[in-house]
Amino acid sequence: MMNSPIHFCCAFGRADLFSESQRIQFTIQSRTQDIPDARSYLLTLKEIRIKRGLTDELGAEAMMFDALEKVEKELKKPLMRNDKKGMAVLMAEFDKINKKLGIRKEDLPKYEEQLELKIAKAQLEELKKDTLEAMETQKKRYVDAC
(Lines give C-alpha, C1' and ligand atoms only; values in the text may rest on other atoms or scores of the structure.)
Protein backbone atom coordinates (compact mmCIF):
# COMPACT_ATOMS: atom_id res chain seq x y z
CA MET A 1 0.00 0.00 0.00
CA MET A 2 2.69 2.51 1.00
CA ASN A 3 5.62 3.08 -1.33
CA SER A 4 7.58 5.52 0.78
CA PRO A 5 9.68 5.14 3.92
CA ILE A 6 7.65 5.98 6.98
CA HIS A 7 9.13 7.75 9.96
CA PHE A 8 7.73 8.71 13.31
CA CYS A 9 9.13 10.66 16.21
CA CYS A 10 9.41 9.45 19.73
CA ALA A 11 10.62 11.06 22.95
CA PHE A 12 14.23 10.14 22.27
CA GLY A 13 14.48 11.15 18.60
CA ARG A 14 13.64 9.37 15.41
CA ALA A 15 12.59 5.73 15.26
CA ASP A 16 12.77 4.60 11.64
CA LEU A 17 10.73 1.72 10.32
CA PHE A 18 13.15 1.26 7.41
CA SER A 19 16.89 0.77 7.40
CA GLU A 20 19.15 3.26 5.67
CA SER A 21 19.80 0.67 2.95
CA GLN A 22 16.05 0.32 2.36
CA ARG A 23 15.65 4.10 2.16
CA ILE A 24 18.51 4.29 -0.36
CA GLN A 25 16.93 1.50 -2.42
CA PHE A 26 13.60 3.34 -2.41
CA THR A 27 15.30 6.59 -3.45
CA ILE A 28 17.09 4.82 -6.30
CA GLN A 29 13.91 3.14 -7.51
CA SER A 30 11.80 6.29 -7.35
CA ARG A 31 14.42 8.60 -8.90
CA THR A 32 15.47 6.26 -11.71
CA GLN A 33 12.28 4.53 -12.83
CA ASP A 34 11.68 6.90 -15.75
CA ILE A 35 15.30 7.25 -16.88
CA PRO A 36 15.65 5.72 -20.35
CA ASP A 37 19.45 5.66 -20.79
CA ALA A 38 22.23 4.01 -18.80
CA ARG A 39 24.41 7.14 -18.54
CA SER A 40 21.68 9.26 -16.93
CA TYR A 41 20.92 6.33 -14.63
CA LEU A 42 24.55 6.14 -13.46
CA LEU A 43 24.72 9.92 -13.05
CA THR A 44 21.59 9.80 -10.88
CA LEU A 45 23.13 7.03 -8.76
CA LYS A 46 26.23 9.19 -8.32
CA GLU A 47 24.10 12.16 -7.26
CA ILE A 48 22.20 10.01 -4.73
CA ARG A 49 25.48 8.64 -3.34
CA ILE A 50 26.91 12.13 -2.90
CA LYS A 51 23.72 13.51 -1.31
CA ARG A 52 23.67 10.59 1.13
CA GLY A 53 27.29 11.29 2.07
CA LEU A 54 28.46 7.89 0.86
CA THR A 55 32.00 7.58 -0.42
CA ASP A 56 33.32 5.50 -3.31
CA GLU A 57 36.51 4.36 -1.61
CA LEU A 58 37.20 1.68 -4.21
CA GLY A 59 36.74 3.93 -7.24
CA ALA A 60 34.06 1.61 -8.60
CA GLU A 61 31.98 4.47 -9.94
CA ALA A 62 34.70 5.68 -12.32
CA MET A 63 35.22 2.10 -13.49
CA MET A 64 31.48 1.75 -14.14
CA PHE A 65 31.49 4.91 -16.26
CA ASP A 66 34.54 3.60 -18.15
CA ALA A 67 32.68 0.33 -18.78
CA LEU A 68 29.65 2.25 -20.04
CA GLU A 69 31.91 4.30 -22.31
CA LYS A 70 33.37 1.07 -23.73
CA VAL A 71 29.93 -0.45 -24.36
CA GLU A 72 28.57 2.73 -25.96
CA LYS A 73 31.66 2.91 -28.19
CA GLU A 74 30.96 -0.68 -29.34
CA LEU A 75 27.29 0.15 -29.95
CA LYS A 76 28.18 3.47 -31.60
CA LYS A 77 25.24 5.05 -29.76
CA PRO A 78 24.04 5.80 -26.20
CA LEU A 79 23.03 2.68 -24.27
CA MET A 80 19.33 2.59 -23.49
CA ARG A 81 18.15 0.67 -20.45
CA ASN A 82 15.60 -1.28 -22.52
CA ASP A 83 18.37 -2.57 -24.85
CA LYS A 84 18.58 -6.09 -23.41
CA LYS A 85 21.65 -7.07 -25.42
CA GLY A 86 23.59 -3.87 -24.65
CA MET A 87 22.64 -4.00 -20.96
CA ALA A 88 23.79 -7.63 -20.77
CA VAL A 89 27.18 -6.54 -22.14
CA LEU A 90 27.33 -3.71 -19.57
CA MET A 91 26.38 -6.08 -16.73
CA ALA A 92 29.16 -8.44 -17.84
CA GLU A 93 31.58 -5.49 -17.66
CA PHE A 94 30.25 -4.64 -14.17
CA ASP A 95 30.80 -8.28 -13.13
CA LYS A 96 34.44 -7.96 -14.26
CA ILE A 97 34.79 -4.78 -12.18
CA ASN A 98 33.28 -6.47 -9.13
CA LYS A 99 35.63 -9.42 -9.55
CA LYS A 100 38.61 -7.08 -9.89
CA LEU A 101 37.56 -5.26 -6.71
CA GLY A 102 36.89 -8.51 -4.86
CA ILE A 103 33.15 -7.84 -4.54
CA ARG A 104 31.02 -10.96 -4.61
CA LYS A 105 27.22 -10.94 -4.85
CA GLU A 106 26.96 -13.29 -1.90
CA ASP A 107 28.84 -10.71 0.22
CA LEU A 108 26.34 -7.91 -0.47
CA PRO A 109 24.38 -8.51 2.78
CA LYS A 110 27.68 -8.13 4.66
CA TYR A 111 28.38 -4.80 2.93
CA GLU A 112 24.84 -3.65 3.72
CA GLU A 113 25.38 -4.57 7.37
CA GLN A 114 28.68 -2.64 7.41
CA LEU A 115 26.93 0.39 5.92
CA GLU A 116 24.21 0.24 8.59
CA LEU A 117 26.87 -0.04 11.31
CA LYS A 118 28.81 2.92 9.90
CA ILE A 119 25.64 5.04 9.81
CA ALA A 120 24.65 3.97 13.33
CA LYS A 121 28.11 4.93 14.64
CA ALA A 122 27.86 8.36 12.99
CA GLN A 123 24.39 8.89 14.47
CA LEU A 124 25.66 7.82 17.90
CA GLU A 125 28.55 10.28 17.67
CA GLU A 126 26.11 13.06 16.74
CA LEU A 127 23.86 12.13 19.67
CA LYS A 128 26.87 12.11 22.00
CA LYS A 129 27.91 15.56 20.77
CA ASP A 130 24.38 16.93 21.21
CA THR A 131 24.13 15.41 24.70
CA LEU A 132 27.45 16.92 25.78
CA GLU A 133 26.39 20.33 24.46
CA ALA A 134 23.08 20.08 26.35
CA MET A 135 24.91 19.09 29.55
CA GLU A 136 27.30 22.05 29.18
CA THR A 137 24.37 24.41 28.68
CA GLN A 138 22.61 23.08 31.78
CA LYS A 139 25.83 23.27 33.77
CA LYS A 140 26.31 26.94 32.78
CA ARG A 141 22.69 27.73 33.70
CA TYR A 142 23.13 26.04 37.08
CA VAL A 143 26.40 27.87 37.79
CA ASP A 144 24.89 31.21 36.71
CA ALA A 145 21.84 30.63 38.94
CA CYS A 146 23.97 29.99 42.03
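Based on DSSP H segments of at least four residues, each scored -39500 (n - 2.57), the chain has a per-residue ellipticity at 222 nm of -23500 deg cm²/dmol.
Here the extension length gained between GLU74 and LYS105 equals 8.5 nm, from 0.36 nm per residue of separation less the Cα-Cα distance.
Of MET63, MET87, MET135, the residue with the greatest mean-square motion in the GNM of the chain, using alpha carbon springs below 10 Å, is MET135. For the chain, the calculated P(r), taken from all Cα-Cα distances in 10 Å bins from zero up to the bin holding the longest distance, is 9, 28, 29, 16, 10, 5, 2, 1 percent. In the elastic network of the chain, a GNM with C-alpha springs shorter than 10 Å, the most mobile of ARG52, ARG39, ARG23 is ARG52. The simple Förster model, with R0 at 22 Å and r as the Cβ-Cβ distance, assigns LYS85 and PHE65 a FRET efficiency of 0.60. May I ask which of LYS46/LYS84; LYS51/LYS110; LYS51/LYS129; LYS51/LYS139; LYS73/LYS110; LYS70/LYS121 have a Cα-Cα span longer than 28 Å here? Listed pairs above 28 Å: LYS51/LYS139; LYS73/LYS110; LYS70/LYS121.
Summarising the label geometry, the points placed 7 Å from Cα in the beta-carbon direction at ALA120 and GLN138 lie 2.6 nm from one another.
Computed from backbone phi with θ = phi - 60° and the Karplus coefficients 6.51, -1.76 and 1.60, the 3J(HN,Hα) list for the range 110-124 is 5, 5, 4, 4, 5, 4, 4, 5, 4, 5, 4, 5, 5, 5, 5 Hz; x is used for glycine and proline.
Compute the Cα gyration tensor for the range 38-90, then decide on rounded, prolate or oblate, letting a ≥ b ≥ c be the square roots of its eigenvalues: rounded whenever a/c is under 1.5, prolate when a/b is larger than b/c in the other cases, and oblate in all that remain.
Values: a/c = 2.84, a/b = 1.93, b/c = 1.47.
Prolate, since a/c reaches 1.5 and a/b exceeds b/c.
Accessible surface calculations at 1.4 Å, restricted to protein heavy atoms, place the chain at 78 Å² per residue.
Relative to the longest principal axis of the Cα atoms of the chain, the long axis of helix 20-32 makes an angle of roughly 50 degrees.
A Förster radius of 22 Å, combined with the Cβ-Cβ distance separating GLU113 from PHE26, puts the computed FRET efficiency at roughly 0.75.
Highest GNM mean-square fluctuation among GLU61, GLU69, GLU136, for the chain modelled with Cα contacts below 10 Å: GLU136.
How far, in nm, would the chain grow between ASP56 and LEU127 when pulled straight, counting 0.36 nm per residue and subtracting the alpha carbon separation?
23.0 nm
Here the Karplus relation 6.51 cos²θ - 1.76 cosθ + 1.60, evaluated at θ = phi - 60°, turns the backbone of the range 60-71 into coupling constants of 5, 4, 4, 5, 5, 5, 4, 5, 4, 4, 4, 5 Hz, with x for every Gly and Pro.
The Cβ shell under 14 Å around ARG104 holds other residues with a net charge of +1, Lys and Arg each +1, Asp and Glu each -1.
In the range 13-146, Cα pairs under 8 Å separated by at least six residues give a relative contact order of 24 percent.
The angle between the Cα long axis of helix 38-51 and the main principal axis of the chain comes to about 10°, on a 0 to 90 degree scale. Close amide H pairs (under 5 Å, H built 1.01 Å from N) link ASP37 with ARG81, residues at least 5 positions away or on another chain.
The values are calculated or read from the model by the stated rules, or taken from the named source; none is laboratory data. For clarity, every value in this text was computed on a predicted model and none was experimentally measured. Reconstructed Cβ throughout: ideal geometry from the backbone, glycine too, with neighbour counts over all protein chains shown. When the accessible area is computed, the model is the full protein with side chains, heavy atoms only, and any ligands, DNA or RNA have been set aside. Shrake-Rupley method; radii C 1.70, N 1.55, O 1.52, S 1.80 Å.
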